[in-house]
Amino acid sequence: MSTSIFDTITELPSEAAKESAQSLIGFEDRFNRVFNNLKLLVDTEGIRSWSEKHHGKVMPIVNRLMDKYPLIILEGDAGTGKTVSALGMADRITRELKKDGFFIKLSTRVRGEGLLGQMGNLVNEAFDKLKKEAGKSRIAFLLIDEADAIATTRSTLQMNQEEKSAVNTLIQKIDEIRELKGRAIVFLSTNRLHFIDEAIVRRAGVIVRFDRPSLDERYHLFKNDLEASGISDEDLKMLADISGPEHNNDLGFSFSDLRLRVLPEAIAKVYPDSPLTASVIEETIKQLTPSPKIK
Ligand SMILES: Nc1ncnc2c1ncn2[C@@H]1O[C@H](COP(=O)(O)OP(=O)(O)OP(=O)(O)O)[C@@H](O)[C@H]1O
Ligand SMILES: [Mg+2]
């Protein structure tokens, strides 16, 4: 198979990755959680000496920490930033650790292309590439995006033999990369954590949840993206309010709905003759409906 199975390959650090992460509401908190957990996985010697220093011995829990894997699961609703965050986090990890990085995004579209039986190969190939690219001063990241296609629980009745063996391969590969001691890190994103095989979920060093924006987050998104628009703070709050679940049948607009649908459409209405106003955005919000929730 050619390298076309990889959607994108990005050398890190990357200015573009950094910039897009900086525009994400809530990125900083999520990153810190991920990074603090990763440190425990990567720096085994450091943790041992920490325990000895502060507790007089290596506490049993310290050994249990090593049961986790350099696997980060990003889970949650559509359009909440999982895919962009994976790249942004990888970028930031390389910066924090003063290393270079190599980021591969694995395409899970194979399923749609009728290459069902090849999923095991695909996983093998992705991890081979990961190992090859990982080096002393270089961290290799793999994003298995929309992993539901590969990592679905083996107990699912409709699952055929090939799919089951792809899950087994994935588990085995995740086990193997522990040997690389933090030089290879896997992100797995999913809309449906409950479909992901328990053995994979259990291995995750950290599971990060992504939700649709809260009132406050919607306000901040509008405030950031509409900086210099001249729209008043009061109107920004109004826009945040009307795009929430209370005004939309219990389901608010997602980050991506607001950024990639509402605002562009509002701009399209006024461009090029008049300025963007709160009332045009308000009208657009009322015309559109939030993207459906994934169950
Ligand atoms: N936290 C956020 N703050 C601001 N914008 C965001 C945030 N999350 C997502 N977006 C916007 O939504 C777009 C889509 O995000 P992304 O593709 O990462 O979502 P996703 O969670 O991977 O969705 P899906 O489950 O459909 O793949 C981003 O390019 C960004 O513009
Ligand atoms: Mg995505």
### Task
Could you tell me whether segment 44-57 includes any residue that is among the charged types (D, E, K, R) and in contact (Cβ under 8 Å) with a residue 24 or more places away in the chain?
no
### Summary
Note: among Ala166, Ala147, just one is within 15 Å of ligand 1 (Cβ to nearest atom) and surrounded by 15 or more Cβ atoms within 10 Å (Cβ to Cβ), namely Ala147
### Query
Can you name the residue in segment 171-212 that is outside any loop (DSSP other than H, G, I, E, B) and of a type in the set (Asp, Glu) and is also nearest to ligand 1 (Cβ to nearest atom) among such residues?
Glu198
### Message
For segment 23-48, give me the residue count where each residue is in a helix (DSSP H, G or I), more than 19 Å from Leu97 (Cβ to Cβ) and modelled with pLDDT of 95 or more.
### Response
1
### Some residue of segment 2-12 being touching a Gly at 6+ places or on another chain (Cβ under 8 Å), surrounded by fewer than 18 Cβ atoms within 10 Å (Cβ to Cβ) and either outside any loop (DSSP other than H, G, I, E, B) or at pLDDT 85 or above (or both)
yes
## Note on the structure
Note on segment 13-26: residues more than 14 Å from ligand 1 (Cβ to nearest atom) and buried (at least 17 other Cβ atoms within 10 Å of the Cβ) are Pro13, Ser14
### Query
When Phe222 is evaluated against the numbered criteria (1) part of a helix (DSSP H, G or I); (2) touching a residue at least 60 places away in the same chain (Cβ under 8 Å), which criterion, by number, is the only one it fails?
(2)
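This table checks each residue for (1) more than 16 Å from ligand 1 (Cβ to nearest atom); (2) within 21 Å of Ser232 (Cβ to Cβ).
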position	(1), (2)
Gly244	no, yes
Asn249	yes, no
Phe253	no, yes
Ala266	no, yes
Pro275	yes, yes
Ala278	yes, yes
Lys295	no, no
### Test result for Lys98, closer than 26 Å to Pro13 by Cα, part of a loop (DSSP other than H, G, I, E, B), more than 16 Å from ligand 2 (Cβ to nearest atom) and modelled with pLDDT under 95
yes
## Note on the structure
Asp29 passes all but one of the listed conditions (1) under 21 Å from Asp145 (Cα atoms); (2) within 13 Å of ligand 1 (Cβ to nearest atom); the exception is number (1)
### Query
Looking only at residues in segment 211-266 that are over 24 Å from the mean Cα position of the chain (by Cα) and of a type in the set (Val, Ile, Thr), which one is nearest to ligand 2 (Cβ to nearest atom)?
Ile242
### Query
When Asp250 is evaluated against the numbered criteria (1) within 30 Å of Phe141 (Cβ to Cβ); (2) in a loop (DSSP other than H, G, I, E, B); (3) of a type outside the set (A, V, I, L, M, F, W, C); (4) assigned by TED's automatic domain parsing to the domain that holds Thr277, which criterion, by number, is the only one it fails?
(1)
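The values are calculated or read from the model by the stated rules, or taken from the named source; none is laboratory data. Being a predicted model, the structure only gives us computed values, none of them experimental. Backbone-built Cβ (ideal geometry, glycine too); neighbour counts: all protein chains shown.
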